[in-house]
Amino acid sequence: MTGLPCVAFLGPEGTYSHQAAHELFGDAARYAPQHTITDTFGALESGAQYALLPWENSIHGIVIDTIDLLRDESIGTSIRVRGEKTIGVQHCLLVRKGVKLSEIKTVLSHEQALGQCAGYLTKHLPHATRIKVPSTALAAERVATGQGEDVWCAAIASSMTVALYPGLEVVKKGIQAVEDNFTRFILLSTGDDTSLPTPPSERSYPQAIVRFSYPQAAAAALIDILTVFRDGSGCSVSRIDRRPSADGAPFDDVYFIVLRGPAAHEDSIAGFNPLSIYLDNVMIRLRIMLNQHASRPVVLGIW
Ligand SMILES: O=C(O)C(=O)C[C@]1(C(=O)O)C=C[C@@H](O)C=C1
């Protein structure tokens, strides 16, 4: 067992992160549940080789804690983005056995799940207080073990938690805004050389993330900076995210550009990756355009 790599994930058992980690690594890893997304990232500093973080959801969008961690300077240097995993998410409203919908006073869950199910809560539980907790499975555990007033709490979590935390029952399954609901996770590892037990990407084309900061005072216009990414050799931008910079002047922002390379052909030469060649060129031009600014553009990972 000890030879297996350690994968940190947002716990406890029964979170969607737990499910995604298992789907990626199966029996080829040891699993280390963490209390928060920040702790999951921090586990890379205390011995875990991998951390799997929820990245974005198809209903509620970006997971703020994760994207803000991607601003950390260690990512792109000692820590690299290595892959991704997408899973389907069907949320259940769970209560202690015997509690009726009309008796629920409080609903606990991860803020993403509360957001994905906001329509259901507004319609069916308009007077219930919504409380954010670090994960869906922690919400289920609290409802299962709650005392006193907590008996009237409900949780939004996966149906798997019913088997893990005895005493719960499902009031309603599939309470998110639309039936098709997916969360995409990002896999980080300490360095590029830790081998991955399963192919890191589910897609046939390679991807990469570039981070750069764009201060309000920048000499070059943002639109000119973005033209650096104009399609080259079949590579293109598939997504742009923007967050406040952690340490810059007010409204200085950090940009995350997700790039997609051309699909690999069966006859392509081993080790030849058009995306990394394109990125070498893009990074040189980006550094020149942003050269007067302290924060260098960085490739957070290619997978
Ligand atoms: O709380 C969990 O179960 C998680 O794994 C976190 C998380 C998220 O942050 O998006 C993962 C998937 C769902 O979208 C809801 C919550």
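The values are calculated or read from the model by the stated rules, or taken from the named source; none is laboratory data. Note that the structure is a prediction, hence the values are computed from the model and not measured. Because the Cβ atoms are built from the backbone with ideal geometry, glycine has one as well, and the counts that use them run over all protein chains shown. Only protein heavy atoms, including side chains, enter the accessible area calculation; ligands, DNA and RNA are left aside. Shrake-Rupley method; radii C 1.70, N 1.55, O 1.52, S 1.80 Å.
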What does the extension gain come out to for K173 and I64, with contour length at 0.36 nm per residue minus their alpha carbon separation? 36.7 nm
Quote the accessible area belonging to K105 in square angstrom, nearest 10, computed with a 1.4 Å probe and with ligands, DNA and RNA left uncounted. 100 Å²
Solvent-free Debye scattering, log10 I(q)/I(0), computed from the Cα coordinates of the stretch 5-64 at q = 0.13, 0.20 Å⁻¹: -0.30, -0.69
Rg and Dmax in Å for the stretch 207-302, alpha carbons only: what are they? 14.3, 50
Compactness summary of the stretch 71-133: radius of gyration and Dmax from Cα atoms, Å, are 17.5, 52
Peptides 165-171, 151-157, 76-82, 206-212: what's the order by average Cβ count within 10 Å, highest mean first? 151-157, 206-212, 76-82, 165-171
Computed from the beta carbon distance with a Förster radius of 25 Å, FRET efficiency for D150 and S46 to the nearest 0.05 stands at 0.20
Here the tail fraction of P(r) beyond 19 Å, over all Cα-Cα pairs of the stretch 50-195, rounds in percent to 54 percent
What is the calculated FRET efficiency for A264 to F182, with r their C-beta to C-beta distance and R₀ = 35 Å, to the nearest 0.05? 0.90
Pulled fully out, how much extra length does the chain show between K100 and I131, if you take 0.36 nm times their separation in residues and subtract their Cα-Cα distance? 9.3 nm
Could you tell me the center-to-center distance, by alpha carbons, between the stretch 1-50 and the stretch 96-135 in angstrom? 27 Å
Distribution output for the stretch 92-173: share of Cα-Cα pairs per 10 Å bin in percent, first bin at 0, values 22, 61, 17
For the chain, calculated [θ]222 nm from helices alone, where every DSSP H run of n ≥ 4 adds -39500 (n - 2.57): -6500 deg cm²/dmol
Per-residue SASA entry for I288, accessible area with 1.4 Å probe, Å² rounded to 10: 110 Å²
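Based on the Cβ-Cβ distance of I277 and T36, what FRET efficiency does E = 1/(1 + (r/R0)^6) give at R0 = 45 Å, to the nearest 0.05?
Details: r = 38 Å, r/R0 = 0.85.
Taking R0 as 45 Å, the efficiency between I277 and T36 is 0.70.
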Per residue Cα convex hull volume in Å³ - calculated over the chain: 156 Å³
With a 1.4 Å probe and every protein chain left in place, work out the accessible area per residue of the chain in Å², rounded to a whole number. 47 Å²
Figure the gain on full extension for S238 and I288 (residue separation times 0.36 nm, minus the Cα-Cα span) and round it to one decimal in nm. 15.7 nm
Tally up the carbon and sulfur contribution to the accessible surface of the chain as a whole percent, 1.4 Å probe, everything protein left in place. 53 percent
Cross-link reach list, lysines versus K100, counting only Cα pairs under 27 Å and skipping chain neighbours closer than eight places: K123, K132, K172, K173
Cβ neighbours within 10 Å, averaged per peptide: list 277-284, 7-14 in order, most packed at the top. 7-14, 277-284
